[in-house]
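The values are calculated or read from the model by the stated rules, or taken from the named source; none is laboratory data. Being a predicted model, the structure only gives us computed values, none of them experimental. Glycine gets a Cβ as well: all are built from the backbone with ideal geometry, and neighbour counts include every protein chain shown. Quick note on the areas: whole protein, heavy atoms, side chains included, nothing else; ligands and nucleic acids left out. Shrake-Rupley method; radii C 1.70, N 1.55, O 1.52, S 1.80 Å.
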Amino acid sequence: MSTPRATIIIPTYNEAENIGPLLDRIVEVMEKEGIESFEVIVVDDDSPDGTCMVARRRSERDPRIRCILRKGEKGLSSAVVTGFMNARAPIAVVMDADFQHPPEVIPRLIRAVEEGADVAVATRYARGGGTEGWSPIRLLMSRAATLAVKVLVREARVTSDPLSGFFAVRLKSIRLDDLKPKGFKILLEILARNPCLKVKDVPYTFRERRHGESKLGFKVITDFLRQSWEISPMPRFLLVGASGVVVNLLVMWLTLRLTSYVDVASLAGIEASILSNYTLHETFTFRHFFRRDCKERGALRRLLYYHRASLASIITTYLSMRILVTITSINPLIAQFVGILLGFGVNYVLSVETVWECGRHGGCSGRVQEARRGD
Ligand code: GDD
Ligand code: MN
């Protein structure tokens with residue numbers, strides 16, 4: 001059998017009503033677009049409604065269609081990875097079974113990869129894209145989640161829709177063994193683990209589910225939190241920041257037992273927290289996110305730059321408090337709290353951009369390999 005141009009991967013759970021018409025439509029679209037050599041892999045987790053049986057009835061007529069039946073294993077992302085591992089084509093397209101991802105977009109995704117992209121993302125949020133029948137609340141929540149992801153994960157900023165479940169990848173550009181398919185958002189996982197991919201957005205309109213209902217409930221949120229722990233330094237950064245507050249107060253208290261100079265004690269507390277934060281960021285926070293370009297700079301210089309980030313953060317906190325208190329009648333403690341949040345943001349961004357994850361645009365050398373193997 002010759003190598004197909006693309007493999008379409010459809011993870012399914014209880015999609016018996018959708019899968020038949022979807023497969024028919026895919027075949028129709030692909031043939032109309034002149035892409036006759038393709039394969040479809042349905043990856044079903046033993047759906048009680050017999051989704052896989054429906055797909056297999058189609059494969060009897062059309063050998064380009066297959067269904068992989070997984071027993072004892074569940075999960076959207078791991079189903080997609082199973083599809084990747086069984087794909088015969090150099091390009092894999094991932095899509096849902098419920099018609100929310102219109103098959104008409106598939107040829108555009110395939111062509112985008114054939115024309116040079118490593119990943120083509122079908123996006124709701126670029127000009128020309130959209131969502132059908134969404135309430136303003138749902139739209140707002142999806143937008144907020146997308147924004148949060150972009151703040152958390154730098155690599156997610158290469159597309160307008162990093163949470164899309166509809167995309168195409170050039171399989172040789174991504175490392176499958178690096179993917180942790182526990183996470184729910186497989187595209188995000190791919191982008192985060194492969195930092196130098198060439199990504200292209202393909203706008204489309206997200207439609208309403210045809211039959212059945214969404215399988216992704218509350219677990220989406222817990223899975224997402226777990227996944228962000230893996231792919232973003234932010235949660236660890238917050239934790240270390242909190243520990244720094246404790247160190248700060250502790251050292252100040254100890255110093256005050258030796259001297260009565262409050263300023264000296266305060267500065268000692270601040271410096272101690274900077275040093276302990278720095279050490280923890282080096283060994284814990286950025287362990288998996290450390291970029292070679294930053295590493296080559298040497299520890300002393302990173303320590304210096306981290307001081308700069310911390311100083312900027314302190315100044316931001318103070319100035320925000322001052323400005324808020326001056327122009328509003330807000331309680332100074334609340335103003336200080338707002339200042340701390342802003343100061344934290346400044347510290348985070350500077351730590352990422354100038355101390356530990358620098359050099360994305362220059363070398364794009366990716367995360368340090370040894371660090372990654374350490375999981
Ligand atoms: N094999 C397998 N195993 N498939 C699953 C599982 C599972 O445990 N859970 C869900 N699926 C299949 C569904 O049958 C469907 O084909 C597809 O994965 C997406 O599931 P939905 O339940 O339709 O998800 P959704 O519509 O809420 O979310 C979709 O849109 C989001 C964008 O808003 C997904 O594509 C998300 O990945 C995407 O982020
Ligand atoms: Mn859906």
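Check Ala168 against each of (1) open to solvent by 10 Å² or more (accessible area, probe 1.4 Å); (2) aliphatic (A, V, I, L, M); (3) more than 16 Å from ligand 2 (Cβ to nearest atom) and name the one condition it does not meet.
(1)
Within the bounds of the range 49-65, is there any residue that is within 22 Å of Arg25 (Cα to Cα), of a type in the set (S, T, N, Q) and more than 26 Å from the chain's Cα centre (by Cα)?
Yes; the residues of the range 49-65 include at least one that is within 22 Å of Arg25 (Cα to Cα), of a type in the set (S, T, N, Q) and more than 26 Å from the chain's Cα centre (by Cα).
Might you let me know whether the range 272-287 holds any residue that is polar (S, T, N, Q), within 22 Å of the chain's Cα centre (by Cα) and within 30 Å of Asn18 (Cα to Cα)?
Looking for residues that are polar (S, T, N, Q), within 22 Å of the chain's Cα centre (by Cα) and within 30 Å of Asn18 (Cα to Cα), one finds none in the range 272-287, hence no.
Would it be correct to say that Arg292 is open to solvent by 80 Å² or more (accessible area, probe 1.4 Å), more than 20 Å from Leu342 (Cα to Cα), at pLDDT 95 or above and not hydrophobic (A, V, I, L, M, F, W, C)?
For Arg292, the condition - open to solvent by 80 Å² or more (accessible area, probe 1.4 Å), more than 20 Å from Leu342 (Cα to Cα), at pLDDT 95 or above and not hydrophobic (A, V, I, L, M, F, W, C) - is not met.
When you check Val220 against the structure, is it out of contact with any Gly (no Cβ under 9 Å at 6 or more places or on another chain) and within 16 Å of ligand 2 (Cβ to nearest atom), yes or no?
In short, yes.
Can you pull out the residues in the range 102-129 that are away from ligand 2 (no atom under 16 Å from the Cβ) and open to solvent by 10 Å² or more (accessible area, probe 1.4 Å)?
Within the range 102-129, Glu104, Arg108, Arg111, Glu114, Glu115, Gly116, Asp118, Tyr125, Ala126, Arg127, Gly128, Gly129 meet the criteria.
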